[in-house]
Structures are given as C-alpha cells and as structure tokens.
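> Once you've had a glance at the structure underneath, I'll fire off some questions.
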Amino acid sequence: MLLELDDIHVKYGAIEALKGVTLDVEDGEIVTLIGANGAGKTTTLRTISGLRRPHVGQIRFKGERIDAVPAHDIVALGIGHAPEGRKVFPRMTVLENLEMGAYRRKGRLDEDLQRVWNLFPVLDERKTQQGGTLSGGEQQMLAIGRALMARPTLLLLDEPSMGLAPLFVQKIFGIIEEINRQGTTVLLIEQNAAQALRLAGRGYVLETGSVTMTDDADKLLNDARVREAYLGEGSVATD
C-alpha cells in the first residue's frame with residue numbers, strides 16, 4: 001500500500017476537524033475525497049503533507065510512518081501537494097515558481113521542466129511572466145506543475161477546478177488523467193463530485209471529519225445518497 005491513514009484525529013484548538021479518518025491509496029490509483037465544505041477534506045491533505053499534525057493516529061507512506069516528519073522532508077520522500085487556492089508566488093516568474101518546487105532536489109532540472117512544458121504548453125510560453133499576472137486557470141496549471149517538479153510518487157490535489165471556466169475545468173481533468181497515466185498516484189479533493197468520481201477509481205465520502213462511505217467510484221456515482229447530497233437531487237450519474 002502506498003499511503004495509509006489509520007484513525008487520524010486532528011484538532012484546531014477545541015474543534016476536532018478529523019475524527020478517526022482511516023483510508024488508503026494504492027500505487028497507481030486516482031482516489032477522490034468528496035464532501036461538503038468543512039467536512040475535513042483539506043485538513044486531511046494538509047495532515048498527509050505535514051502541514052498539520054494528528055494528535056491521534058498514524059500515517060504511513062511506503063510502509064514508513066510519516067506523521068511526525070517535517071513537511072519539507074515529506075516532499076523529499078515523494079509527496080507533492082498542489083494546495084487549495086493555488087498559492088503561487090505572485091512576484092516570481094513562472095520558471096522561478098517551478099524551480100521552487102524542486103528546492104529539495106539537486107542537479108539539472110531540464111527533464112522535469114520539459115515534462116511541465118509538455119503538460120502545460122502555455123506555461124512554457126509565459127515562463128518569464130510573473131505568476132501573479134496569470135489567469136486563474138494558468139495559475140492552477142502552475143501550482144500543479146510546481147508540485148510535479150519534486151518528482152512525487154503521490155500527488156495531492158486540493159480543488160483544482162475551483163473558480164475555473166468550464167473549458168479550463170475539462171482541460172485540468174484531462175491533465176490529471178495524463179499525469180496518472182505517466183505513473184503518478186493521485187489523491188484528489190474536488191468540489192465537482194461528479195467529475196471527480198468519473199475520473200477516480202475509488203472514492204471516500206467525508207462528513208464532519210469522519211469517513212461515512214467508501215467504494216468504487218462508479219458505485220458512489222450511482223449511489224442515491226451520494227447523488228442527492230453531492231450531485232444534486234435528480235442528477236444523472238452517468239454520461
């Protein structure tokens with residue numbers, strides 16, 4: 001198993017944001033977490049990447065515990081994180097943003113940069129442009145590209161389609177699929193639950209900090225409770 005979360009509890013002060021989350025991700029999968037705002041999805045990713053610490057539970061990556069490992073060392077172990085809100089460095093160029101993604105690596109970055117240019121040709125065209133001047137969709141591409149520069153085995157994606165026009169949403173989902181085809185495992189949070197479940201192989205439903213359902217993505221997509229709560233009542237689950 002590539003990633004395992006076992007009974008993870010996380011608090012913000014007196015508020016318990018995660019209440020015993022247990023989940024796993026196998027090598028090569030796309031797994032999605034769906035749930036309402038405030039369900040604990042972002043906290044789950046931040047805890048995996050070392051930005052939050054669980055007060056109960058264990059996280060294992062490639063069989064080794066990482067729940068006490070600093071965030072910068074977790075990147076070096078092979079976990080990349082493209083956070084909610086993109087968080088690009090606005091006054092750095094596109095190229096400088098990407099180079100920051102490889103800060104724990106040594107040696108030439110040519111091969112990695114070429115991979116990003118191939119996935120996101122617009123970033124190649126704008127590599128000398130400041131990150132803050134890009135459109136929302138281009139900033140999302142930059143955030144994903146920056147995470148890929150660390151050569152992650154596991155890529156954590158937090159709301160990659162948030163605020164994007166429909167055309168860009170389709171493009172981003174196509175790129176996520178291609179990244180997975182190239183060998184990177186993906187753990188995805190996505191407000192567009194239908195799109196996420198169509199892309200993923202498996203899914204987990206989070207409600208108020210707890211996993212309430214887990215199944216193959218196509219079964220969740222056609223589950224009446226999921227359709228009513230997250231796809232809109234009467235939604236058509238399949239294309």
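Laboratory data are not the source of any read-out in this text; all were calculated from the coordinates shown. Predicted model, so just to flag it, every value in this text is computed and none were measured. Cβ atoms come from the backbone with ideal geometry, glycine included; neighbour counts cover every protein chain shown.
> How about region 33-128: which chymotrypsin sites (Phe, Trp or Tyr not before Pro) there are in a DSSP loop, with at most 12 other Cβ atoms within 10 Å of their Cβ? If you can, show how the numbers build up before the last one.
On the way: sites: Phe61, Tyr103, Trp117; in loops: Tyr103.
Qualifying residues, ordered by number: Tyr103.
> OK, next. On the first, second and third principal axes, largest extent first, how far apart are the outermost C-alpha atoms of the chain in Å?
47, 42, 32
> Note down the net charge around Glu178, summing +1 for each Lys or Arg and -1 for each Asp or Glu among other residues with Cβ under 11 Å from its Cβ.
That works out to +2.
> Okay, next question. If you rank His72, His9, His81 by fewest surrounding Cβ atoms within 10 Å, what's the result? Mind dumping the intermediate values first?
On the way: His72 10, His9 16, His81 26.
Starting with the residue having the fewest Cβ neighbours, the order is His72, His9, His81.
> Another one. Taking 25 Å as R0, compute the FRET efficiency from the Cβ-Cβ separation of Thr128 and Leu167 and round it to 0.05.
Efficiency, rounded to the nearest 0.05: 0.50.
> Using a simple charge model, +1 on the beta-carbon of Lys and Arg, -1 on the beta-carbon of Asp and Glu, nothing else, what dipole does the chain show about its Cα centre, in debye to the nearest 20?
The calculation lands at about 820 debye.
> Right, here's the next one. Taking region 1-65 on its own, what percent of its Cα-Cα pair distances exceed 15 Å?
It works out to 50 percent of all Cα pairs.
> How long are the three semi-axes of the equivalent ellipsoid of region 1-120, in whole Å, if each is the root of 5 times an eigenvalue of the C-alpha gyration tensor, listed from largest down?
Equivalent ellipsoid semi-axes, largest first: 28, 17, 14 Å.
> Follow-up question, since we're still on this one. Between their Cα atoms, which of Lys41/Lys106; Lys87/Lys127; Lys11/Lys127; Lys11/Lys62; Lys11/Lys106 are more than 29 Å away from each other?
Beyond 29 Å between Cα atoms: Lys41/Lys106; Lys11/Lys127; Lys11/Lys106.
> Read phi for every residue in region 11-27 and hand back ³J(HN,Hα) as whole Hz from Karplus 6.51 cos²θ - 1.76 cosθ + 1.60, θ = phi - 60°, with x for Gly and Pro.
10, 10, x, 8, 8, 8, 7, 10, 10, x, 6, 10, 7, 9, 9, 8, 4
> Scaled to the compact-protein estimate 2.2 N^0.38 Å, what is the alpha-carbon radius of gyration of region 169-225, rounded to two decimal places? If you can, show how the numbers build up before the last one.
On the way: Rg = 12.0 Å, N = 57, 2.2 N^0.38 = 10.2 Å.
Ratio of Rg to 2.2 N^0.38 Å for region 169-225: 1.17.
> Between Asp218 and Gln58, what is the spin-label point distance in nm, taking each point 7 Å from the Cα along the Cα→C-beta axis?
Those two pseudo-labels are separated by 3.5 nm.
> Only four residue types carry charge here, +1 at the Cβ of Lys and Arg and -1 at the Cβ of Asp and Glu. Report the dipole size of region 87-223 about the Cα centre in Debye, rounded to the nearest 20.
The calculation lands at about 540 debye.
> Any idea what log10 I(q)/I(0) is at q = 0.12, 0.20 Å⁻¹ for region 140-194, Debye with uniform C-alpha scatterers and no solvent?
-0.24, -0.69
> For region 35-94, count the residues as N, evaluate 2.2 N^0.38 Å, and divide the Cα radius of gyration by that value, please.
Normalised Cα radius of gyration, region 35-94: 1.28.
> Ok, one more. Show me the three semi-axes of the equivalent ellipsoid for region 106-223, from the C-alpha gyration tensor (sqrt of 5 times each eigenvalue), largest first, rounded to whole Å. Mind showing how you got there, number by number?
Details: eigenvalues 158, 53, 30 Å².
Equivalent ellipsoid semi-axes, largest first: 28, 16, 12 Å.
> May I ask you to sort Tyr204, Tyr230 by Cβ crowding, counting other Cβ atoms within 10 Å and putting the fewest first?
Tyr230, Tyr204
> Using DSSP loop states and a limit of at most 15 other Cβ atoms within 10 Å to flag GluC sites (Glu not before Pro), what is the longest stretch of the chain containing no flagged site?
Values: sites that count: Glu26, Glu233.
Of all site-free stretches, the longest is 27-232.
> Contact order normalised by length for the chain, with contacts defined as Cα pairs under 8 Å and 6 or more residues apart; what percent is it? Numbers along the way, then the final one.
Working: 468 pairs, mean separation 61.2, N = 239.
Reported as a whole number, the value is 26 percent.
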